[in-house]
Amino acid sequence: MVNDLRVGLRLLARDKTFTLASVATLALCIAANVVLFSIVDHVLLRPLPWPNADRLVLHGNQYPGAGACCGTSSGVPDYYDRLRETTVYDEQAMYTWSTVTMDQNGSPARVLTMNVTPSFFRVLSEAASIGRTFTEDEGEVGHEHEVVLSYGLWQSAFGGSAAAVGQDLRLNGQQYTVVGVMPRAFSFLDGNTPDRVVGLWRPLAFTPQQKSDDARHSNSWQHIARLKPGATVEQAQEQINLLNARNLDRFPQFRQLLINAHFRTDVVRLQDNLVRDVKPTLYWLWGGAFFVLLIGGVNVANLLLVRTSARLRELVTRIALGSGPWRIARQLVVENLLLTMFSSVVGVAIGFAALRLLRVLNLMDLPRGSEVRIDAVVGVYAVAIAAAVGIALALVPLAHIVGVNMASVLTEQGRSGTVSRGTRLLRRAFVVLQVAFAFVLLVGAGLLLASFRRLLAVDPGFAPDHVLTASVGLPQTRYPDDRSVRTFTDDTLARLRALPGVVAGGATDSIPFGSNHSDSLILAEGYQMQPGESVISPADVVVTPGYFQAMGARLVRGRFFDARDGADAPKTIIVDETLARRFWPDQDPLGRRLYRPSDPSNLLAVTPRTVFFTVVGVVHDIKLTTLVEDKGAVGAYFFPAGQQPMRGPVFALRSAVDPMSLAGPARAAINSLDRELAVYNVETMDDRMRQSLATRRSPMLLATAFGAVALLLSAIGVYGVLAYLVTQRTREIGIRLALGSSAQAVFQLVLREAIVLVGVGFVVGAAGVLVLKRSLDSLLYGVSGADPLVLAGVTATLALVAVGAGALPARRATRISPVVALTD
């Protein structure tokens, strides 16, 4: 074996052109696989960083008939029902996300917070590294003034001192006591919030009203649980289904409404929920990287056929002198393994650089994207695929010498034209496969690109350019009532609108592409529901006068909110076009009235407590969560902030200048009214939209890069095969030219070979696209998996590049001298 290694190294060093070309090709392909595997491994395959993470599940109440589905939120009564009546769980907990203003050395700082029941840390099987987590008593109303710090906040706020435990912390103007610090590596993600670091945890205490049956289906919390050992998600789903069925009988007043809304509760693994939006795309891209490896392997296989033809006399001579087949096979395997192992080292280095570039370009905005790196597992994967490719490549020269006529090889004087018909067919087959693989990859990249362009062309319902947003939170201690909240909001807007360059300004509690969205049932006065029709739960948004103008929203009918919609004015509301069509098709919605349920036992009833809201305007539909709204979306309605004040306003400013140039002045204007408020999430609407598209942009760019590599490798493959065929047919071409054949005829002869190979490759590739069409359709928006424009564009591009690559050896063939060819 040592001798084989020495001989292999000497041969690779001697054949520098072959070695460099092969290593460059394979390294590029291995790098693509290393990058994709590192992403897939860290995002999809590796378990979450908690003990028994595979047993963690989330519960989501779904009402698809009412337009509320696909979330993972639950109600408090549901939580207590499941605590009492399910047997599949070890532990259960509730939690919700929020932000708080922390007074840190006299300066306000905004901190992402989780409010959790004391059982939350037991569900995750995590303990504090210093101090403790919450006791059950601290989950009761009036006792919830303790906090647990993250490691990062402990370091920044207390300098990592163990004396932090027991100290006070001022949050939203209230005193809290630090009782513990979580380990450095502890973090939590559930797929419902951005990949941000939690600063601290507070106890979640439910009031008697929140626990009561009147609060059923008020879904504002997340419910997490850990399955018992041996219990399955299917068993948990069955128990939850039975519990829901019993509750339909226990609360007949909700029965028909829930049936019409198609109510159900989904039980999903936490990890599945975390990657639900990116899982299919990442697996598809991983397959694309494998296709790139196949194309590169075929290219190197073609080079090996040429090299083996040149070494055929040497190999046959060794066999004739007594070397057994296994001895020759071992030598060839060692040579190819050396080649692929060198390639894997270079490929890992390229992959490492590529991952750093992806981070610089902000293309790693994926769940757990911050964890993606080249580590030992990825290195083992690179070595494994290099070994597999090396062994597969060794089969090429072995197949070439099996059954060869040793006498003819040993008596041959080395002229060209000695390659067997089978070898020539194999080389042509390799080109066909390359073109087919490249066709599939390019179609996939083209479809993702077309889908992304369609997505960018979606009308968000407002003009995002030149809009700056900034958020604040108003603590109850300093803003105890609605009047103080309204006063702060109005005074802040007056100062923001006065800033130089500001064209319009407003505020909302639910900025588009933000994380704070809610929906609520609403009914129309006089609307007659059809049998089986569900009540609906549109998006519920509060806005100030000037907000729609600042966002560039379009008024369809009526008016926007203004000074007429104050606290003492008649209750008003604005609806979007979708909601208007739902309640008043082919009718004028202005002046119509909407109302919210006021009787928990009969949601449709009008009672003395019912409050009516008069429609004063209709706006064009506004995308609130994503450019791709759910098919079951039922619209949105908007209340004036003067009548429903906001404790977490997000200010929106339309500017005539670069919006980010207003960031500093906007902060100063807000803090001039209250220096203790933290101003956070200061960003443009364009940036918010870009962040919402991250899970689609990154795969599209990666697929495009793979397609470009596949196109290049295919062109090299076509050129290499045709150039070799021209060399093999030099005598034939010389005879043709000597007998009077024109240069044009020779050019067409060689180019026809390229056209036939590429055409067959297109047919095979098209068949592959049809096989993969269903999986492609699930990744696309507004584009079919067999889009004719994309298919035509890919066909034209690949044909142009491949035929162009074939034209080079064809042109070379026309320059062959008959005299030289016949005397060589």
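Just a few scattered comments:
- Verdict on T610 being modelled with pLDDT of 95 or more, surrounded by fewer than 16 Cβ atoms within 10 Å (Cβ to Cβ), more than 37 Å from the chain's Cα centre (by Cα) and closer than 27 Å to F560 by Cβ: no
- Qualifying residue in region 90-109 (condition: of a type outside the set (S, T, N, Q), over 30 Å from L677 (Cβ atoms) and open to solvent by 10 Å² or more (accessible area, probe 1.4 Å)): yes
Listed here are the residues, each with its yes/no results for (1) under 25 Å from C70 (Cβ atoms); (2) touching a helix residue (DSSP H, G or I) at 6+ places or on another chain (Cβ under 8 Å); (3) part of a loop (DSSP other than H, G, I, E, B).
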residue: S515; (1), (2), (3): yes, no, yes
residue: G526; (1), (2), (3): no, no, yes
residue: G532; (1), (2), (3): yes, yes, yes
residue: I536; (1), (2), (3): yes, yes, yes
residue: V542; (1), (2), (3): yes, no, no
residue: P545; (1), (2), (3): no, yes, yes
residue: Q549; (1), (2), (3): no, no, no
residue: F560; (1), (2), (3): no, yes, yes
residue: R564; (1), (2), (3): no, no, no
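- Residues that are assigned to a helix (DSSP H, G or I) and modelled with pLDDT under 85 were ranked within region 455-491; the one that is least open to solvent (accessible area, probe 1.4 Å) is L455.
- The lone exception for M660 - which of (1) hydrophobic (A, V, I, L, M, F, W, C); (2) open to solvent by 60 Å² or more (accessible area, probe 1.4 Å); (3) touching a strand residue (DSSP E or B) at 6+ places or on another chain (Cβ under 6 Å) it fails: (3)
- Counted residues, region 287-304 - those being over 14 Å from L433 (Cα atoms) and either surrounded by fewer than 20 Cβ atoms within 10 Å (Cβ to Cβ) or modelled with pLDDT under 75 (or both): 1
- Restricting the search to strands (runs of 3 or more DSSP E) fully inside region 160-269 and requiring at least 3 residues that are in contact (Cβ under 8 Å) with a residue 24 or more places away in the chain and within 26 Å of the chain's Cα centre (by Cα) gives 221-227, 264-269.
- Subset of region 658-700 [basic (K, R) and more than 29 Å from the chain's Cα centre (by Cα)]: R667, R675
- Whichever residue in region 675-703 is surrounded by fewer than 18 Cβ atoms within 10 Å (Cβ to Cβ) and farther than 25 Å from F462 by Cα and, among such residues, is modelled with the highest pLDDT: R675
- Of all the residues in region 66-85, those that are surrounded by fewer than 17 Cβ atoms within 10 Å (Cβ to Cβ) and closer than 23 Å to R250 by Cα number 4.
- Set side by side, the residues L227, L242 differ, and just one is surrounded by fewer than 21 Cβ atoms within 10 Å (Cβ to Cβ) and either over 30 Å from G446 (Cβ atoms) or in contact with a His (Cβ under 8 Å, 6 or more places away or on another chain) (or both), which is L242.
- Within region 492-512, considering residues that are open to solvent by 20 Å² or more (accessible area, probe 1.4 Å) and in a loop (DSSP other than H, G, I, E, B), the one nearest to R688 (Cα to Cα): D509
- Qualifying positions in region 505-532 - more than 34 Å from the chain's Cα centre (by Cα), in contact (Cβ under 8 Å) with a residue 60 or more places away in the chain and more than 24 Å from T614 (Cα to Cα): G532
- When region 29-45 is limited to residues that are closer than 15 Å to G707 by Cα and not aliphatic (A, V, I, L, M), the one that is farthest from the chain's Cα centre (by Cα) turns out to be C29.
- Count of region 513-535 residues, restricted to those that are open to solvent by less than 40 Å² (accessible area, probe 1.4 Å) and at pLDDT below 90, is 6.
- Hits in region 354-387 - residues which are under 20 Å from F706 (Cβ atoms) and open to solvent by 60 Å² or more (accessible area, probe 1.4 Å): R356, L357, R359, V360, L361, N362, D365
- Meets criteria (at pLDDT below 80, in contact with an Asp or Glu (Cβ under 9 Å, 6 or more places away or on another chain), among the hydrophobic types (A, V, I, L, M, F, W, C) and in a helix (DSSP H, G or I)) for A810: yes
- In the set (1) touching a helix residue (DSSP H, G or I) at 6+ places or on another chain (Cβ under 7 Å); (2) within 30 Å of D777 (Cα to Cα); (3) part of a helix (DSSP H, G or I), the condition left unmet by G287 is number (1).
- Restricting region 388-405 to residues that are open to solvent by 80 Å² or more (accessible area, probe 1.4 Å) and assigned to a helix (DSSP H, G or I) leaves a set whose member that is modelled with the highest pLDDT is I391.
- Which listed residue is farther than 18 Å from L5 by Cα, within 50 Å of the chain's Cα centre (by Cα) and modelled with pLDDT under 90, from A329, A349, A310, A320: A310
Yes or no, residue by residue, for (1) part of a loop (DSSP other than H, G, I, E, B); (2) without any contact (Cβ under 8 Å) to a residue 24 or more places away in the chain; (3) of a type outside the set (A, V, I, L, M, F, W, C):
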| site | (1), (2), (3) |
| --- | --- |
| D586 | yes, yes, yes |
| P589 | yes, no, yes |
| S598 | yes, yes, yes |
| F613 | no, no, no |
| G617 | no, no, yes |
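- Among the candidates L112, L58, L83, L124, residue that is closer than 25 Å to A163 by Cβ and either at pLDDT 95 or above or of a type in the set (A, V, I, L, M) (or both): L112
The values are calculated or read from the model by the stated rules, or taken from the named source; none is laboratory data. All figures in this text were calculated on a predicted structure; none of them were measured in a lab. As a convention, Cβ positions derive from the backbone with ideal geometry for all residues, glycine included, and neighbour counts pool all protein chains shown. SASA here: full protein model, heavy atoms, side chains in, ligands and nucleic acids out. Shrake-Rupley method; radii C 1.70, N 1.55, O 1.52, S 1.80 Å.
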